[in-house]
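Working notes, beginning with the structure itself.
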Amino acid sequence: MLKLTGYGTREVTVPDEKQCGSCQETLPAVQFSRNSRSPIGLYCSCKKCRSAAIRTPAVVVPVVSKKCASCGLALPAAAFTLLSR
């Protein structure tokens, strides 16, 4: 067990090994980044998986149709105008 002191306002005891939530591999605790909001003080995914997730661009799904607020019909997205604010 590893104790992280001087980390936020609490002392956290970290296990020697942890299973990654993404790749499911059991890795040493040093392979996980710190997370003050986690009960054990580490992210659920290893550094390698988190890095890959951050570098992966988000998939943008095009809007094909929308529901009209006034009549309730599903119309093509091109039938609606964009409002600029």
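Close contacts from the stretch 53-71, counting a first residue that is over 30 Å from Ser33 (Cα atoms) and a second that is in a loop (DSSP other than H, G, I, E, B) and modelled with pLDDT under 85, with Cβ to Cβ under 6 Å and a gap of 6+ residues or different chains, come to Lys66/Phe80. Total residues in the stretch 28-60 satisfying the condition of being under 22 Å from Glu11 (Cβ atoms) and in a loop (DSSP other than H, G, I, E, B): the figure is 11.
None of Ser84, Ser22 is part of a loop (DSSP other than H, G, I, E, B), small (Gly, Ala, Ser), at pLDDT below 85 and at negative phi except Ser84.
The values are calculated or read from the model by the stated rules, or taken from the named source; none is laboratory data. As the structure is a prediction and not an experimental result, all values here were calculated from the model. Using ideal geometry, Cβ is built from the backbone for each residue, glycine included, and neighbour counts are taken over all protein chains shown.
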